[in-house]
Amino acid sequence: MARLNVNPTRMELSKLKKKLTSARRGHKLLKDKRDELMRQFMILIKENRQLRSEVEAAISEANRYMAVAGSVMQREVLETALMLPKQEVELEVGEKNVMSVYIPEFKTKYRSGDANDIYSYGMAFTSIDLDGAVSALSAILPKMIRLAEVEKACQLMADEIEKTRRRVNALEHIMIPDYEETIKYITMKLSENERSTTTSLMKVKDMVLKESHKYH
Amino acid sequence: MYKAAVIGDSASVSGFAALGLSVFRETEPEKINKLISRLAANDFAVIYITEPAAALVRDTINKYRSSKLPSIVLIPAIEGNTGDGMRALHEAVEKAVGSDILN
């Protein structure tokens, strides 16, 4: 560990002692923050994984329907059927504070009152597989929105945990040992100075005594 | 009011149009890059992007990782699931914990 480059004075010593106390307190607080963030993160990441596999499975299913629909219908007819959506999804974005990480919260709003009002086409000229694809997607939409929320939260929290961990480590392994070593150095230097002053005083006293009493 | 977008090849994303998400059929990297920046600046809170499309613009997506909005989510394309979405999740765990503890 490197000793800090400071003058070995009492002033510096008391300054360093104060710094050491606040570094210790900061270290404890940051460690608590890291632990709590980690706990929340583990809960979220489990939900994230669960949601992701559900969403991926549902979209793959919808895609299978879509592939079949695409093969039995003409491309243009398919596109035309989906061209003018009846439904529109709007999101209200809130904010949640988890250990000073601000994570977004989404609330879904549908333009038409009925969330199931999704078929933008007549049933006559379209394949039933298209209905299957659309309904599969519509069923998973709430989970997709939640996935977007959770995934963002996980990313933001992972960043914050990494940052906090670095800070904790820097305090624990660099700053606190440095302060301790410097404090030790100054204390030793000061007591050494003190001893040196005492000895020189004793020496001077001896000399003065010798002089005044004319000892030989 | 915020909106949600879907980006990818036509076959993979058309279905989302019916749900009322804004659908963008793009498959060229430069266009997707521009599109994402435009959407991010224009009140899009969630962007779903197919895994093959996302693979083309990884840098842009990483750029938005640490900002609060938009949330960019990978979804499987019609050709099948490449596992990129799950991989991103494992990366987040690795970043936070130091090693991948999900199995």
Study note, to complete from the structure: Simple SL model, points at 7 angstrom along Cα→Cβ for B:K63 and A:I128; separation in nm is 4.8
**Study point:** Gain in span if fully extended, A:V72 to A:I174, counting 0.36 nm per residue against the direct Cα distance
**Key:** 30.0 nm
Check your understanding: Which order results if B:E28, A:E95 are arranged by neighbouring Cβ count within 10 Å, fewest first?
Key -> A:E95, B:E28
Study note, to complete from the structure: Given all pairs of distinct Cα atoms, segment B:22-103 yields a Kirkwood Rh in Å of 13.5
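Checking a compactness column here: for segment B:1-57, what do you get for Rg(Cα) / (2.2 N^0.38 Å), N being the number of residues?
Working: Rg = 10.5 Å, N = 57, 2.2 N^0.38 = 10.2 Å.
Rounded to two decimals, the normalised Rg is 1.02.
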Revision key, fill the gap. One finds the C-alpha centres of segment A:190-216 and segment A:64-97 to be spaced, in Å, by 97
Check your understanding: Which listed residue (A:T182, B:V73, B:N62) has the Cα farthest towards the positive end of the charge dipole for the protein assembly as shown, taking +1 on Lys and Arg C-beta and -1 on Asp and Glu C-beta about the Cα centre?
Key -> A:T182
Revision key, fill the gap. As a percent rounded to 5, the proportion of antiparallel DSSP bridges among beta bridges in the protein assembly as shown is 50
Check your understanding: Leaving out same-chain residues fewer than 8 places away, which aspartates and glutamates sit with a Cα under 18 Å from that of A:K15?
Key -> A:D178, A:E180, A:E181
Point to revise | Extension gain from A:S100 to A:E12, taking 0.36 nm per residue of separation minus the Cα-Cα distance | key: 28.3 nm
Review point. Which loop GluC sites (Glu not before Pro) in segment B:3-103, with loop taken from DSSP, have no more than 14 other Cβ atoms within 10 angstrom of their Cβ?
Key: B:E79
Check your understanding: Looking at the square roots a ≥ b ≥ c of the eigenvalues of the Cα gyration tensor of segment A:51-96, which shape do they give, rounded for a/c under 1.5, prolate if a/b is larger than b/c, or oblate?
Key -> oblate
Revision key, fill the gap. Computed about the Cα centre, the charge dipole of chain A from +1 Lys/Arg and -1 Asp/Glu charges at the Cβ has a magnitude in debye, to the nearest 20, of 2340
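Determine the alpha carbon to alpha carbon distance for each of B:K31/B:K95; A:K17/B:K95; A:K31/A:K107; A:K33/B:K63; A:K33/A:K152; A:K31/A:K189 and list only those over 24 Å.
On the way: B:K31/B:K95 30 Å; A:K17/B:K95 35 Å; A:K31/A:K107 33 Å; A:K33/B:K63 26 Å; A:K33/A:K152 20 Å; A:K31/A:K189 34 Å.
Listed pairs above 24 Å: B:K31/B:K95; A:K17/B:K95; A:K31/A:K107; A:K33/B:K63; A:K31/A:K189.
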Review point. Taking the Cβ-Cβ separation of A:M42 and A:E194 as r and a Förster radius of 51 Å, what is the calculated FRET efficiency to the nearest 0.05?
Key: 0.40
Point to revise | Cα pair distances in the protein assembly as shown, grouped into 20 Å bins until the bin that holds the longest one, percent each | key: 27, 38, 17, 10, 6, 2, 0
Exercise for review: Give me the net charge of A:L156's neighbourhood, meaning all other residues with Cβ under 13 Å from the Cβ of A:L156; Lys, Arg count +1, Asp, Glu -1.
Suggested key: -1
**Study point:** Estimated FRET transfer efficiency when R0 is 41 angstrom, pair A:R25-A:K109 (beta carbons, to 0.05)
**Key:** 0.35
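Among the DSSP beta bridges whose two residues both lie in chain B, what percent are antiparallel, rounded to the nearest 5?
Values: 1 of 15 bridges.
In chain B, approximately 5 percent of DSSP beta bridges are antiparallel ones.
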Revision key, fill the gap. In terms of the charge dipole of segment A:24-84, which places +1 on Lys and Arg and -1 on Asp and Glu at the beta carbon, the residue among A:L84, A:M66, A:L37 farthest towards the positive end is A:L37
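Where does the longest stretch of chain A lie that holds no chymotrypsin sites (Phe, Trp or Tyr not before Pro) found in a DSSP loop with 15 or fewer other Cβ atoms within 10 Å? Walk me through the intermediate numbers first.
Values: sites that count: A:F125, A:Y215.
After excluding every exposed loop site, the longest remaining stretch is A:1-124.
A short reminder: the numbers here are calculations on the coordinates, not readings from a lab. Note that the structure is a prediction, hence the values are computed from the model and not measured. Note that each Cβ is placed from the backbone with ideal geometry, even for glycine, and that neighbours are counted across all protein chains shown.
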